[in-house]
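The values are calculated or read from the model by the stated rules, or taken from the named source; none is laboratory data. In this text, all values refer to a predicted model and were calculated from it rather than measured experimentally. Cβ coordinates were reconstructed from backbone atoms using ideal geometry, including for glycine residues, and neighbour counts include every protein chain displayed. Only protein heavy atoms, including side chains, enter the accessible area calculation; ligands, DNA and RNA are left aside. Shrake-Rupley method; radii C 1.70, N 1.55, O 1.52, S 1.80 Å.
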Amino acid sequence: MPSRKFADGEVVMGRWPGSVLYYEVQVTSYDDVAHLYTVKYKDGTELALKESDIRSQSSFKHRKSQSSSSSPSRRSSSRSRSRSPGRPAKGRRRSASQSREHKEDKKKTIQETSLALPPVLVLLKPSENNTKRYNGEPESTEKNATSCIILEQKLKPDLEIKRVLEQYSLRSRKDDKKKEEIYSEKKTFVAVKPIEKVSTKTKEMEFGGRIGTFTLIFFLPATVFYLLLMCKQDDPSLLNLPPLPALESLWDWRVFGVVLLWFFLQAAFYLLPIGKVVEGLPLSSGRRLQYRINGFYAFILTAAAVGVLLYFEFELHYLYDHLMQFAVSAAAFSLALSIYLYVRSLKAPEEELAPGGNSGYFIYDFFTGHELNPRIGSFDLKYFCELRPGLIGWVVINLAMLLAEMKIHNLSVPSLSMILVNSFQLLYVVDALWNEEAVLTTMDITHDGFGFMLAFGDLVWVPFVYSLQAFYLVGHPTTITWPVAAAITVLNCIGYYIFRSANSQKNNFRRNPADPKLANLKFIPTATGKGLLVTGWWGFVRHPNYLGDIIMALAWSLPCGFNHILPYFYVIYFICLLVHREARDEHHCKQKYGLAWERYCQRVPYRIFPYIY
């Protein structure tokens, strides 16, 4: 095993990922397995670098001085090669005019050399290598989106000149060779091979580590089954525990067959060649995966299929009568899917593993997801399960509860409370499917692996817990007045407006920061090249979309009245979920953006609830 070259605490020069620039960093730790050094930049950013991307300060300075002043033999050789045919012989003193002409030619060549550099290197000249500006410490902490457009316009003439010079170059090969030598003398950094992204072991485990994830594997299904049993009770009080059902009553092979049919029907809709194909965010390797955006079309096709079943008088309230069996079947299927996902992840390349699910511990990686984007051909399993089977299934279950209420209570029309719950949640699902592309920028897609946590959450928790209010209203009808219904509707609309406008603002800015429509937005630039919005909803609180989500969750529970706390489980759970997710976001953003994130937090002090939290 090779010994490490740099010790903990040593100050060295580390290469910034994706560039050829070196900055002063401090070694904090070393991974013996992956052979990677964890280094800390001056702005607080921590990255893992290979030994080949780290230089000692002494060798770095020595190389810099060596490149700036060449040896006598090299200087004489360089003058010999660049001499024009009419230049006097060696040893003769040249005139002042000839000396000036030579200096002007050299200056022109250096200018041409800087023109031939990539745009990033032209902007960050070696003589103007400002570490603070590059690492999220700009002279002005806020920038307007129009600055990106102005910078692009300024670069266009230079790029055009470069294109013309390359196409119609009149320089001799000696001049080209001379230009390369001057460029090699002027640069103060060492060009090495592009960094090969290596997935390191997960050091910080979430959800309580191995013990916490092991507990959650059993606790989450038990919670779903408990809530469904409580809703069937005449008195669903927390202290009134429901009797345990017989085990044989929890399983029905016909119900399990319906669950499989539903999953593969949605998979068939996903594979239809309709809808546009877009690229996701860059992976650690720089590659972008392609995704088919046709979730809304799948919803339309599903609605048509359900309409056909109702036309032929299929009793959809069958779901209400066997909801517990459907939940058990979905849980069994999600467990089988999770086992398959973990087994196949053992053969996945290292760079395709999830950054948060590569701890080396079976239980933890099984729960959080070992592989980031598991695919069968072009079929992305995680992206498919994120919105299709569970989210659309949620709407179908709500519809079944509405029909069950009408049948059980002999109603010609559904109750006002049931109409509100179905309408609010239908709007939420349709919005998610209509804006399906936005899910590609969420933590579930970009960071979390696909394991038991997401498989169970997408296929069991979402359809059977999120439909809890509708299920509750079937057995516990609640009457509300029209003014109360109007007030609840206004509250839901406010939450939806905050949720949708904040998400649209964020997604549009991430996709194209130079969009003229976003010219009024101010942001704090970061070392990664991304900006942190400090105006609009994102200048109000750090997670305005979470605020809108929580307001909508409250509006979904209010039509159930205040007789029991059970229908408010969703909003209580959702607050806990989003506060925990916000803490995860905070931790990741602080590591990723460093000092720029600290400045953003100073500018936007409130996380979710303004003036409260």
note = P513 meets each of (1) of a type outside the set (A, V, I, L, M); (2) open to solvent by 20 Å² or more (accessible area, probe 1.4 Å); (3) in a helix (DSSP H, G or I) with one exception, condition (3)
query = If the Cβ limit is 6 Å and pairs must be 6+ apart or interchain, which residue in the stretch 269-281 that is more than 16 Å from A305 (Cβ to Cβ) pairs with which residue that is open to solvent by 80 Å² or more (accessible area, probe 1.4 Å) and in a loop (DSSP other than H, G, I, E, B)?
reply = E279/R288; G280/R288
key: Among (1) buried (at least 24 other Cβ atoms within 10 Å of the Cβ); (2) over 22 Å from the mean Cα position of the chain (by Cα); (3) at pLDDT below 90, the one test that G357 misses   = (2)
remark   = Of D458, D431, the only residue that is among the acidic types (D, E) and more than 30 Å from G286 (Cβ to Cβ) is D431
message = Looking for something assigned to a helix (DSSP H, G or I), closer than 15 Å to G393 by Cα and of a type in the set (A, V, I, L, M) - is there at least one such residue anywhere in the stretch 238-257?
response = yes
inquiry  = Given (1) surrounded by 21 or more Cβ atoms within 10 Å (Cβ to Cβ); (2) in contact with a Gly (Cβ under 9 Å, 6 or more places away or on another chain), identify the lone condition not met by V421.
reply    = (2)
task = Scan the stretch 543-580 residue by residue and report those that are of a type outside the set (A, V, I, L, M, F, W, C) and assigned to a helix (DSSP H, G or I).
result = P544, N545, Y546, G548, D549, S557, P559, P567, Y568, Y570, Y573, H580
Qualifying positions in the stretch 378-404 - under 22 Å from the mean Cα position of the chain (by Cα) and not aliphatic (A, V, I, L, M) = S378, F379, D380, K382, Y383, F384, C385, E386, R388, P389, G390
task = Answer with yes or no whether Y364 is farther than 26 Å from L289 by Cβ, among the hydroxyl-bearing types (S, T, Y) and open to solvent by less than 70 Å² (accessible area, probe 1.4 Å).
result = no
request  = Confirm whether S67 is among the polar types (S, T, N, Q), loosely packed, with under 14 Cβ neighbours inside 10 Å, at pLDDT below 75 and more than 29 Å from Y593 (Cα to Cα).
outcome  = no
ask   = Does A487 satisfy the criteria of being of a type in the set (A, V, I, L, M, F, W, C) and not assigned by the TED database to the domain that holds L558?
value = no
query = When you go through (1) over 30 Å from L473 (Cβ atoms); (2) exposed (fewer than 13 other Cβ atoms within 10 Å of the Cβ) one by one for Y270, which number turns out not to apply?
reply = (2)
inquiry  = Against the definition (open to solvent by less than 20 Å² (accessible area, probe 1.4 Å) and assigned to a helix (DSSP H, G or I)), how does F450 come out, yes or no?
reply    = no
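Check G536, G529, G475, G495 and return the single one that is modelled with pLDDT under 95 and out of contact with any helix residue (DSSP H, G or I) (no Cβ under 8 Å at 6 or more places or on another chain).
Testing whether each residue is modelled with pLDDT under 95 and out of contact with any helix residue (DSSP H, G or I) (no Cβ under 8 Å at 6 or more places or on another chain) leaves just G529.
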inquiry  = Looking only at residues that are within 18 Å of V465 (Cα to Cα), among the aliphatic types (A, V, I, L, M) and open to solvent by less than 10 Å² (accessible area, probe 1.4 Å) in the stretch 526-582, which one is farthest from the chain's Cα centre (by Cα)?
reply    = L566
query = Are any of the residues in the stretch 493-502 touching a residue at least 24 places away in the same chain (Cβ under 8 Å), touching a Phe, Trp or Tyr at 6+ places or on another chain (Cβ under 6 Å) and assigned by the TED database to the domain that holds L566?
reply = yes
ask   = Being over 30 Å from H564 (Cβ atoms), surrounded by 12 or more Cβ atoms within 10 Å (Cβ to Cβ) and modelled with pLDDT of 90 or more, is that true of even one residue in the stretch 238-251?
value = no
